[in-house]
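These notes are about the structure you will find just below.
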Amino acid sequence: MSTTILENARLVTLAQGNGARTPRRGDEMEHLGVIERGWVSIESGRITGMDEGTPPGGEAGSDEVRIDVEGRVVMPGLVDCHTHACWAGCRFDEFDEKLRGASYLEILAAGGGIMSTVRSVRSASVEELTSNLLHRIEQMTRLGSTTIEVKSGYGLSTEAELKMLEAIRSAKQLIEPIVIPTFLGAHAIDPDNPDFIEQTINETLPAVAQAFPGIACDAYCEDGAWSLDQCRRLFEEAQALGCPIRVHADQFNSLGATRLAIESGAVSVDHLEATTPDDLRALAHSDTMGVLLPASGYHLGEGYASGRAFVDLGGAVAIASNFNPGSAPTPSMPFAIHLAVNRCRLTPSEAITAATWNAACVLGLQDEIGSIEIGKRADLVVLDSTDERALAWEFAMPGPRLIMIAGQIHDLTPLGG
């Protein structure tokens, strides 16, 4: 069996000596487990060795592939734990409306926004949705994301939600990156279905839980979308069916969903732009994680989550792209990292932890990905830099120099050229 060795590397391992497998908080987020000059070996898709200095072996005739990364950063692949990358159609006309002054909630109330994409998704085939998603996953992967969560939520009917989830499953089976589906049937309110809430809770949710056992159930709690009481009913039913819960909360208005998430033992609260100081403190002191989505604040001009305050309060924070056709049309986790530092005021080290280890914790995958450790899946990126802080400082840059997914080189710009 051949072995691949990345040598002469600045290894940003994200490994911690105490072996803890929980989300990192406070000062823990600053510790990246850096090996200044080291190597990592990969065999059969797994990390088999790592250390400082020069790797052993290298005898003539040995079945090894050695890549000198010339001092560049080698780090875990980025984990995008919140995306809406499965959709059909486009919303360029709404972008024109936004430029003329219409707000996101005004566009939604007029039947645009999410509902515009819903109409396109309902008319699309599974094959079309799968093809679209594969293209977007390739975009994300080229920018360093090797694990990607993908939500449904543009179907808003039992048939269409199952169609989206089937497309996500089909894509997952065809590609190298890890793809994690999430059920977001509570993404908006279908104005043409007076029984929509009851149908989603009593019909769509059970059908999804049967077809995709253990899938996470998400909801968008916001004015014009799902109310706090409606989310509470949905979450109670979801947990009874064995589904973990997540929630979009406090994007524009604080409606109490953060407190509900804490009380319900939700995996995460995502957005947090409008979270009150008291709710932010309560979230930081809970086991529920906070996921920052700063690309939405950038695109909509609606402000950013108080990331610095949340970390200082001891919160477990992750970062995601929120890639979607309306509020965050970007596949770039590096750009999300840049915004998390430059707008949410995380340090570069905190942002890297939030985009790797902590994001893996959101998806329950920290034993498999999120750090460079022996035995883990070999999802690695080689930055085109000798300093990991470049991820936060630079923006609108090309992707990593090398991307490895399950031990296979996905895309390589020749090193040494």
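The values are calculated or read from the model by the stated rules, or taken from the named source; none is laboratory data. Quick caveat, the model's predicted, so the values are computed rather than measured. Glycine also receives a Cβ, built like all others from the backbone with ideal geometry; neighbour counts cover every protein chain displayed.
Taking the stretch 131-214 as the region of interest, the helices (runs of 4 or more DSSP H) fully inside it that hold 2 or more residues being of a type in the set (Asp, Glu) are 158-174. Across the stretch 149-164, the qualifying residues are those that are surrounded by 24 or more Cβ atoms within 10 Å (Cβ to Cβ) and among the aliphatic types (A, V, I, L, M), and the one among them that is nearest to Ala406 (Cα to Cα) is Val150.
Quick check on the stretch 74-112: of everything there that is part of a strand (DSSP E or B) and touching a Ser or Thr at 6+ places or on another chain (Cβ under 6 Å), which residue is farthest from Thr130 (Cα to Cα)? Among those that are part of a strand (DSSP E or B) and touching a Ser or Thr at 6+ places or on another chain (Cβ under 6 Å), it is Pro76.
For the subset of the stretch 128-159 comprising residues that are without any contact (Cβ under 8 Å) to a residue 40 or more places away in the chain and not polar (S, T, N, Q), which member is nearest to Glu388 (Cα to Cα)?
Glu138
Among the residues of the stretch 13-31, at least one is surrounded by fewer than 15 Cβ atoms within 10 Å (Cβ to Cβ) and of a type in the set (Lys, Arg).
Can you find, within the stretch 165-177, the residue that is surrounded by the most Cβ atoms within 10 Å (Cβ to Cβ) among those that are touching a residue at least 12 places away in the same chain (Cβ under 8 Å) and either over 20 Å from Ile245 (Cα atoms) or out of contact with any strand residue (DSSP E or B) (no Cβ under 7 Å at 6 or more places or on another chain) (or both)? Step by step, filter the stretch 165-177, then rank; the result is Ala167. So, of the residues in the stretch 113-136 that are touching a Ser or Thr at 6+ places or on another chain (Cβ under 9 Å) and of a type in the set (Lys, Arg), which turns out to be farthest from Gly224 (Cα to Cα)? Out of the qualifying residues, it is Arg136.
Is it the case, given these coordinates, that Gly153 is touching a strand residue (DSSP E or B) at 6+ places or on another chain (Cβ under 6 Å) and closer than 16 Å to Ser120 by Cβ?
On the way: touching a strand residue (DSSP E or B) at 6+ places or on another chain (Cβ under 6 Å): yes; closer than 16 Å to Ser120 by Cβ: yes.
So Gly153 fits the description; yes.
Residues that are aromatic (Phe, Trp, Tyr), buried (at least 24 other Cβ atoms within 10 Å of the Cβ) and modelled with pLDDT of 95 or more do not occur anywhere in the stretch 324-338.
For the stretch 34-75, a residue qualifies if it is under 18 Å from Glu388 (Cα atoms) and crowded, with 17+ Cβ neighbours inside 10 Å, and the qualifying residues are Ile35, Gly38, Trp39, Val40, Val69, Arg72, Val73, Val74, Met75.
Among the criteria (1) in contact with a Gly (Cβ under 6 Å, 6 or more places away or on another chain); (2) of a type in the set (Gly, Ala, Ser); (3) at positive phi, the one Ser41 does not fulfil is (3).
The set of residues from the stretch 113-130 being over 30 Å from Asn253 (Cβ atoms), over 22 Å from the mean Cα position of the chain (by Cα) and assigned to a helix (DSSP H, G or I) comprises Ser123, Val126, Glu127, Glu128. Take Ser349 and decide whether it is surrounded by 24 or more Cβ atoms within 10 Å (Cβ to Cβ) and in the same structural domain as Met115 (by TED's automatic domain parsing). Judged against the criteria, Ser349 is not a match. Does Ile403 meet the test of being crowded, with 16+ Cβ neighbours inside 10 Å and in the same structural domain as Lys151 (by TED's automatic domain parsing)? Against the criterion (crowded, with 16+ Cβ neighbours inside 10 Å and in the same structural domain as Lys151 (by TED's automatic domain parsing)), Ile403 does not qualify.
For (1) in contact (Cβ under 8 Å) with a residue 12 or more places away in the chain; (2) surrounded by fewer than 19 Cβ atoms within 10 Å (Cβ to Cβ); (3) not in a helix (DSSP H, G or I), each residue gets a yes or a no:
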residue	(1), (2), (3)
Gly224	yes, yes, yes
Asp229	no, yes, no
Arg246	yes, no, yes
Arg259	yes, no, no
Ala266	yes, no, yes
Thr275	yes, no, yes
Leu280	yes, no, no
